[in-house]
Amino acid sequence: MGDAAQQLRSVPFRENYSSSIGSLLNEFYIPALSSSVAYDRAAGYFSSAIYALAPVAFSEFVSRGGKMRLLCSPHLSSADANALLELPAGERPTTLEVAAASLAALANGTHLESRAAACLRALIDAGALEIKFVTAGQTGLFHDKIGVFTDSGRDHVSFIGSANETAAAMVQNHEQIETFQSWVSDDAGRRCNRHREQFEDTWLGLRHGLNVTSAADAADLILRIIEQEPLDEIVEAFRQAVGRAELQPEAIALRDYQEAALKSWEAGSNRGIIAFATGGGKTRTALEAVRRWTSNGKPALIMVPSELLHQQWESEIRELLPNAALLLAGAGHPWEAWSRRIGDYTLDDASLGQRIVLSTYQTAATARFVGLIRDGEHLLVVGDEVHSVGASHTRRVLEDIDAGGRLGLSATPERFGDPVGTAAVFDYFGEIVEPRFGLRDALAQGWLVPYDYAFETCSLTEDEEERWNAFSTRIAQEIARNNGDLTEAALQLLRQRARISKRAAGKAILARQILAAQHKPGDRWLVYCNDVEHLREVRRELESLGLDLMEYHSQNDASHEATLDYFTHRGGVLLAIKCLDEGVDIPLINRALILASSTNPREYIQRRGRVLRRSPGKYSARLFDVLVVNRDGAALTPSEVTRAIEFAGDARNVAPRVYLEQLLASSSGAVAAPPWDLEEDE
């Protein structure tokens, strides 16, 4: 052990500390640790526990040989713990599996979270920290929030209260604790002893109803997931991250790749497109860009393609930018409600403060919207699902609204089969900024859940195969007559042929068989159909199973919001068409069945991401595919099997990929479709 520290009695502790009138870190934790040789902490949830390390990083505790013991729940939050209880007992992950998922999320989280997780590993490597994970009885919840400091003279200071040592608690939230010094009075001494005994009994696994992992198992898990970094370097990085959070408490915390993309956008004269897959945090990154732009009194215009996304963005803005004045246009908000104010909301006048206009593309493309907005170098334009604005009916936004800052968002910004629309998007917003963040990145970093993949083949009927072959002959003849070019006539024939596969009669029967065998109570299934007629056919087939069936498509009279709310809270089977592809957030989906597959990368990336989005208590998903084959079992088109191989390649199970590669080999003689998908609107 290093030089002797001063004793706890030399610190003028107060009975109560509140973050509303001072810094818990500087006024309580650091002075206490500077006088201690041991620190025992029960910190509730894992997300709180890693920030309990901050005082250690800011003191000389480790260099003096201090030892810390940490107890916490493996869950990130109460929502995680509660959601886990809804799973059947046989499907619940173990404590260490939950801790592994939580640790991976933190290690790949915001800069502050990742530095805190790295500090956890470094302190274990240094022999300064032991940690155990605790779950409680039927609920799984571990709520203890106590701490005990001990000095070399065996004096103690304990504390209880609301302090959670999260980033928010340290920087901006109102937190308070009550402290007890063992030498002050008999009553304080008894309280200190009671807190020490409570911690010790928990640590030793002696408290009834609590399940406690071993410190060795917890350490092995942490060492496996977190890469090793030198203690001095990581402690300094953690200190700097906490310091930046204190200096900018209103900033939206970003992950490292999100911050890197935002810096690339700023370096590119505030022009560019952020290409993050589902789970990559496009919205959060964009709102930090909006915060930085509008903090000086400049306005921002955010555009989205649908009413549901409008609602989701409104919720995010109000949560993350609560001080901004927000004007809502489109998505059911009447002209009279925004038309008289939009001029002031977009005026180049810093005295008007932080202002944001949120609109749908459909409304923003109207002549009266364009005529009222005050565009120019002072304005930031953000386009969500930015490929949408390249459509011919909304493209005037790109032609008529000038802006000094332009930020596009999309997992796949290109408009497949529409080079003119694609060029319009990139000409206006600029190129894709680095780094990109793809679906495999999101899977690797734990922002999407791992999944299993399975597929079934659906054979064409005799009549369907005769019609398919007839179209194939006509397509080949048309292409040959035009020296291998895909003429509009060939494209039309390909569309007509594709409908035979997408509407194959056997798909609805297969859907019933798959759900009959695989559906479990509490599941939330998403079933992709080709069009409304196909959806109704599938629904008729599924009705015999007695499942809770819902529809989501543009021709459905029911409220989309109400449908998704019911599905989210009650579960069941949601029958959808491609209108659900773009950005709609339904993270509780844990099963998907693809009856009408798309070979358009934008659509199949979004469909897969929709199912894999992480939510509390969701640790995995299953994806079921239906591929159409001819009556001999050969694949009809290579593109559909190639897409399925990509799905299988990222899954946990490996067998489907092997079988799909064999199936692909059987389709070598098929007439290939163009590189974009030949789907039509609903």
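Working note: Karplus 6.51/-1.76/1.60 with θ = phi - 60° gives region 261-271 the couplings 5, 5, 5, 4, 5, 5, 5, x, 6, 6, 10 Hz, where Gly and Pro are set to x.
If both residues of a DSSP beta bridge must be in the chain, then about 30% of such bridges are antiparallel. Using the Karplus relation 6.51 cos²θ - 1.76 cosθ + 1.60 with θ = phi - 60°, the per-residue 3J(HN,Hα) values for region 561-566 come to 4, 5, 4, 5, 5, 5 Hz, with x marking Gly and Pro. With neighbours defined as other Cβ atoms within 10 Å of a residue's Cβ, the residues E250, E464, E27 order from fewest to most as E250, E27, E464. Other residues whose C-beta falls under 15 angstrom from the C-beta of D400 contribute a net charge of +1, scoring Lys and Arg +1 and Asp and Glu -1. Extending 7 Å from Cα along the Cβ direction at D186 and again at L545 yields two label points whose distance is 7.0 nm. Most simply put, region 254-442 has about 5% antiparallel DSSP beta bridges, counting only bridges with both residues inside it. Set against the 2.2 N^0.38 Å expectation for a compact globular protein, region 314-376 has a Cα radius of gyration ratio of 1.10. Rounded to the nearest 20, the size of the Cβ-charge dipole of the chain about its Cα centre is 600 debye, with Lys and Arg at +1 and Asp and Glu at -1.
Around the amide H of V381, modelled in the peptide plane, lie the amide H atoms of L301, G405, R406, L407, all under 5 Å away and 5 or more residues distant in sequence or on another chain. Only bridges whose two residues both fall in region 15-246 count here: according to DSSP, what percent of them are antiparallel, nearest 5? About 70 percent, rounded to the nearest 5.
Backbone amide hydrogens, once placed in the peptide plane, bring V626 within less than 5 Å of E456, I594, excluding anything fewer than 5 places away on its chain.
Evaluate E = 1/(1 + (r/R0)^6) for E178 and L352, where r is the Cβ-Cβ distance and R0 equals 51 Å; express this FRET efficiency to the nearest 0.05. Step by step, r from the Cβ atoms, then E = 0.70.
Highest mean first, the peptides 330-342, 626-638 sorted by other C-beta atoms within 10 Å per residue fall in the order 626-638, 330-342.
For the chain, what is the relative contact order in percent, using Cα pairs closer than 8 Å and at least 6 residues apart in sequence?
Answer for the chain is 12 percent.
Mean residue ellipticity, 222 nm, helices only, the chain: the sum of -39500 (n - 2.57) across DSSP H runs of n ≥ 4, divided by residue count and rounded to 500, is -12000 deg cm²/dmol. Relative contact order of region 15-246: 28 percent, from C-alpha pairs under 8 Å at least 6 residues apart in sequence.
Considering only Cα atoms, the convex hull volume of region 188-343 works out to 265 Å³ per residue. Cβ crowding within 10 Å, taken as a proxy for footprinting-reagent exposure, orders C72, C458 from fewest neighbours to most as C458, C72. Counting Lys and Arg as +1 and Asp and Glu as -1 over every other residue whose Cβ lies under 15 Å from the Cβ of A118, the net charge comes to -3.
The C-alpha atoms of the chain define a longest principal axis, and helix 95-107 lies at about 80 degrees to it. Expressed per residue, the C-alpha convex hull volume of region 15-246 stands at 116 Å³.
Decide, for region 430-489, between rounded, prolate and oblate: order the square roots of the alpha carbon gyration tensor eigenvalues as a ≥ b ≥ c, take rounded if a/c falls under 1.5, and otherwise choose prolate if a/b is larger than b/c, else oblate. Oblate is the answer for region 430-489, as a/c is 1.5 or above yet b/c matches or exceeds a/b.
Bridgeable lysines around K263 (alpha carbons under 30 Å apart, same-chain partners fewer than 8 residues away excluded): K282, K298. Taking Cα atoms only, the orientation of helix 488-502 departs from the longest principal axis of the chain by about 60 degrees. Among T642, T94, the ranking by other beta carbons within 10 Å of each residue's beta carbon, starting with the fewest, stands as T94, T642.
Excluding Q198 itself, what net charge comes from residues whose Cβ is under 9 Å from its Cβ, given Lys and Arg +1 and Asp and Glu -1? Value of the local net charge: -1.
Divide the volume of the convex hull around the Cα atoms of region 449-665 by the residue count and you get 130 Å³ per residue. Taking the Kirkwood radius as Rh and the Cα radius of gyration as Rg, region 254-442 has a ratio of Rg/Rh equal to 0.93.
For S315 and Q6, what is the calculated FRET efficiency with R₀ set at 51 Å and r taken between the beta-carbons, to the nearest 0.05?
FRET efficiency, S315 to Q6: 0.55.
Sorted from longest to shortest, the spans of the Cα atoms of the chain along the three principal axes equal 96, 60, 43 Å. For region 491-554, the Cα-based Rg and Dmax, in that order, read 13.3, 44 Å.
FYI, it's all coordinate maths here, none of it is from the lab. It should be emphasised that the depicted structure is a prediction, and the values quoted were computed from it without experimental measurement. Here the Cβ is made from the backbone with ideal geometry for all residues, glycine too, and neighbour counts use every protein chain on show.
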